[in-house]
Amino acid sequence: MLEQTLELLAERPDLAAPLRAGLAGTSLAKPPGHKGGAATDMLVLDLDAAAALAIVERVEQAVAQGVETSRTQGRGLGGFREAWREYSDFINQQQRRTGQMSEARDLVLELIDAFNRIDLDAVIDCFTEDAVYHNIPMEAAQGKAAIRGVLTGFMGDSEAVQWDVLNIADEGGTVLTERLDKFKMNGVWAAVPVMGVFEVSGGKIAAWRDYFDMGQVQAQFAATAQPAGG
């Protein structure tokens, strides 16, 4: 499965590297009741929760687009999706037990997952009633209704959304994310590097500030105005 997943991560060498390292490592002894076939191996992976979630999102995107790998043709990636979801849940549980993942960080990852599903209701549910969302080059929006209006402006036209978390850190209810936010329109992907700051209070996001280059955003989205090949 790892070798096949690598085919989906051609544009994410940061995610592919720990998978290659795992494949180069020593296989673990299989426990009783191991569900994999005799030819499958159990390997150790050095992945944190953000990386595991990013792989889940890439596999889910491939499933939605009908993409297959060289050895999954005819049967699809449904099994890969479930396996990576299970692994991501396991990593989250482990990090919660060891205190490595805060509730604030967990909430921000939940928000990003909702964006990638284009589930606007789930996105809005992550905010407090009077939350402030501020794309720094633009005017701030306050309150769920205003935030929904801003987000509808770019999510409503997107055929697919894929936000990749490159780095994430949190301290005392504030979460920092380095992301690559991607939107597909007219068959063309726009990709924008973003630095985000989230302030979490009472289990909800009270403030969200994103920093990016407006000129780069305009250029990227202008490229999506015409269908691919048009």
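No value in this document is a laboratory result; all are computed from the given coordinates. Remember, predicted model here, so these are calculated numbers, not experimental data. Note: ideal-geometry Cβ built from the backbone for every residue, glycine included; neighbour counts use all protein chains shown.
Name the residue from Phe127, Gln61, Val217 whose Cα lies farthest towards the positive end of the charge dipole of the chain, charges +1 on Cβ of Lys and Arg and -1 on Cβ of Asp and Glu.
In the chain, that residue is Gln61.
I need the per residue convex hull volume for the chain, using only the alpha carbons, in cubic angstrom as a whole number.
With only Cα atoms used, the chain gives 142 Å³ per residue.
Could you give the dipole magnitude of the chain about its Cα centre, charging the beta-carbon of Lys and Arg +1 and that of Asp and Glu -1, in debye to the nearest 20? The partial results should precede the final answer.
Numbers: 20 positive and 33 negative charges, 125 e Å.
Roughly 600 debye for the chain.
What does the charge count near Thr177 come to, summing +1 for each Lys or Arg and -1 for each Asp or Glu among other residues with Cβ under 12 Å from its Cβ? Write down the numbers at each step before the final one.
Details: positive: Arg105, Arg179, Arg209; negative: Asp164, Asp170, Glu178, Asp181, Asp210.
Within the 12 Å Cβ shell, the charges total -2.
On full extension of the chain, what length is gained from Leu180 through Ala64, given 0.36 nm per residue of separation minus the C-alpha to C-alpha distance? Spell out each step's value before the answer.
Values: separation 116, 0.36 × 116 = 41.76 nm, distance 1.98 nm.
Computed gain between Leu180 and Ala64 is 39.8 nm.
What three numbers, in Å, describe the spread of the alpha carbons of the stretch 101-211 along their principal axes, ordered from the longest?
Here the spans come out as 40, 29, 25 Å, largest first.
Could you give the dipole magnitude of the stretch 104-222 about its Cα centre, charging the beta-carbon of Lys and Arg +1 and that of Asp and Glu -1, in debye to the nearest 20? Could you put the intermediate results ahead of the total?
On the way: 9 positive and 19 negative charges, 42 e Å.
My answer is approximately 200 debye.
Relative contact order for the chain: what is it in percent, counting Cα pairs under 8 Å that are at least 6 residues apart?
Reported relative contact order: 14 percent.
Near Leu15, within a Cβ-to-Cβ distance under 12 Å, what is the net charge of the other residues, with Lys and Arg +1 and Asp and Glu -1? Each step should come with its number before you reach the end.
Details: positive: Arg12, Arg20, Arg58; negative: Glu11, Asp14, Asp46, Asp48, Glu57, Asp164.
Once positives and negatives cancel, what remains is -3.
So what is the calculated 222 nm ellipticity per residue for the chain, using -39500 (n - 2.57) for each DSSP H run with n of 4 or more, over all residues, to the nearest 500 deg cm²/dmol? Write down the numbers at each step before the final one.
On the way: 8 runs with 96 residues, N = 230.
-13000 deg cm²/dmol, from helical runs alone.
With everything on Cα atoms, drop me the angle between helix 103-116 and the longest principal axis of the chain, reported from 0 to 90° to the nearest 10.
The answer is roughly 90 degrees.
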